[in-house]
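Engineer: Take a look at the following structure, please.
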Amino acid sequence: MNNAWYSFSVTDVGRKRSVNQDSIYSDDAQGIWVVADGMGGHRDGDKASQAIVKFFNDTEFSNKLSERILQIEKSIRALNAELQSYSTNELNGQLIGSTIVAFTVCQGVCATIWAGDSRCYKVNNNKMSQVSWDHSYVDELVRSGHMVAEEAATSKLSNVITRAVGAHADLYFDHVIMSYSDDDTFLLCSDGLTNELTDKNINDCIGQYGCSQESIDQLLNQTLEHGARDNVSIILVSCRQRRPFNAQESQLIGTYSNKLNTLADSVFNKEIELPNYYDQIAATINQSISSHHSFKGQETQELPVVQEKPKMNNASTAKYPKTTQSEIVKNQFEGNYILLLSIIVALCFTLIYLILN
């Protein structure tokens, strides 16, 4: 695997909290990045987010996207049951939980999977769009048409989330799969960032500094200047290989993403059982990968990273004398000249022998 993907990240306690309940995970080599936000009002929220990150640290993920997504879902569901048991046995039923948003790239396609209100954004050409949607009481009202965005922005219920790891007996995820280009920068963050900075603030910063440590520093500093009432976690991810945007591929992959949404709704509404859901999730993702492969020149995630041709090293060493480029060319020319002269002489002797006989 080459170093086509790279990232920068930070997590900070902020100005008001005494404990950082956020946890983050970045693995450029495997192509997986995670933000987990321990539920601030709940006891041991940091333990919940740390348990999520421990799973990612301890796991070697499949190189097949469908298997990778199921690894995450099944393992985090198992962790959800463990946290539920810990709450009952150790905390007298007090809730312990954490949001999760994971971003991964595999087989040439990106995927986001999440539960809660930690977010994934895509920034491209100075335009920022939210990839995920919040699992919160307010956001569900907005999505169902019972509340407008302006009301949601000032609602006192904005921090009430409807899904989190450990919060409920049953855990459900949503997914988005998509194509990508080398102009894309992906942002993962906890609500400690978005509660302090507007989308315009964030977009302007990333638009100016790109996927860089400078962007991370600027975003964190601006959050702290605005009060940083909560813990804040930020991950920026991008691809350094050449990969132009393909509108047709993007639209096609989007249709499979919509199918995943339908499946997620079906299992949430108890219309299908988990084993059937897992089978259909895997089949849909595999179909999306097959469709992606149909686009010439984008058969895999790992396309070669363009590198400059290495320059000749003219430095001398103790063992070898200094050799310049011109001397190498001269020696090669002399060697070729001697070889050609030898061939001519041999042909002449052969011709004389044939004439005399």
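The values are calculated or read from the model by the stated rules, or taken from the named source; none is laboratory data. This structure is a prediction, so every number in the text was calculated from the model and none was measured. Glycine also receives a Cβ, built like all others from the backbone with ideal geometry; neighbour counts cover every protein chain displayed.
Conditions (1) out of contact with any Pro (no Cβ under 8 Å at 6 or more places or on another chain); (2) in a loop (DSSP other than H, G, I, E, B); (3) within 23 Å of S23 (Cα to Cα), marked per residue:
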residue	(1), (2), (3)
S85	yes, no, yes
W114	yes, no, yes
S129	yes, no, no
M147	yes, yes, no
A152	yes, no, no
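Engineer: Has region 64-72 got any residue that is within 24 Å of S158 (Cα to Cα), assigned by TED's automatic domain parsing to the domain that holds G210 and not in a strand (DSSP E or B)?
Structural biologist: no
Engineer: Something else about it: What number goes with the only condition from (1) farther than 18 Å from S132 by Cβ; (2) touching a Cys at 6+ places or on another chain (Cβ under 7 Å); (3) not β-branched (V, I, T) that Y209 does not pass?
Structural biologist: (2)
Engineer: Just to check your reading of the model, which residue among N3, N63 is surrounded by fewer than 18 Cβ atoms within 10 Å (Cβ to Cβ) and at pLDDT below 95?
Structural biologist: N3
Engineer: Please work out which residue is surrounded by the most Cβ atoms within 10 Å (Cβ to Cβ), limiting yourself to region 66-115 and to residues that are among the basic types (K, R) and within 22 Å of D170 (Cβ to Cβ). Step through it out loud before you land on a result.
Structural biologist: Narrowing region 66-115 to residues among the basic types (K, R): 68, 74, 77.
Right, trim to within 22 Å of D170 (Cβ to Cβ) and you get 74, 77.
Values: K74: 12, R77: 16.
Checking each candidate, the answer is R77.
Engineer: Being touching a Leu at 6+ places or on another chain (Cβ under 8 Å) and of a type outside the set (V, I, T) is true for just one of Y121, Y172. Which residue is that?
Structural biologist: Sole residue among the options that is touching a Leu at 6+ places or on another chain (Cβ under 8 Å) and of a type outside the set (V, I, T): Y121.
Engineer: Among the residues of region 180-223, count how many are surrounded by 15 or more Cβ atoms within 10 Å (Cβ to Cβ), in a helix (DSSP H, G or I) and not charged (D, E, K, R).
Structural biologist: Going through region 180-223 one residue at a time, the tally reaches 17.
Engineer: Tally up the residues in region 263-277 that are part of a helix (DSSP H, G or I), surrounded by 12 or more Cβ atoms within 10 Å (Cβ to Cβ) and not aromatic (F, W, Y), please.
Structural biologist: Here the count works out to 7.
Engineer: Quick check: anything in region 182-194 farther than 25 Å from S49 by Cβ and modelled with pLDDT under 95?
Structural biologist: The initial filter retains those residues of region 182-194 that are farther than 25 Å from S49 by Cβ, namely 182-184.
Checking which are modelled with pLDDT under 95 leaves us with 182-183.
Yes, region 182-194 contains at least one residue that is farther than 25 Å from S49 by Cβ and modelled with pLDDT under 95.
Engineer: Looking at region 40-80, which of its residues are in contact (Cβ under 8 Å) with a residue 24 or more places away in the chain and among the β-branched types (V, I, T)?
Structural biologist: Of everything in region 40-80, those that are in contact (Cβ under 8 Å) with a residue 24 or more places away in the chain and among the β-branched types (V, I, T) turn out to be I52, V53, I69, I72, I76.
Here is a yes/no grid of residues against (1) touching a residue at least 12 places away in the same chain (Cβ under 8 Å); (2) closer than 25 Å to I285 by Cα:
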position: W5; (1), (2): yes, yes
position: T11; (1), (2): yes, no
position: D28; (1), (2): yes, yes
position: G38; (1), (2): yes, no
position: E82; (1), (2): yes, no
position: T88; (1), (2): no, no
position: T99; (1), (2): yes, yes
position: Q107; (1), (2): yes, yes
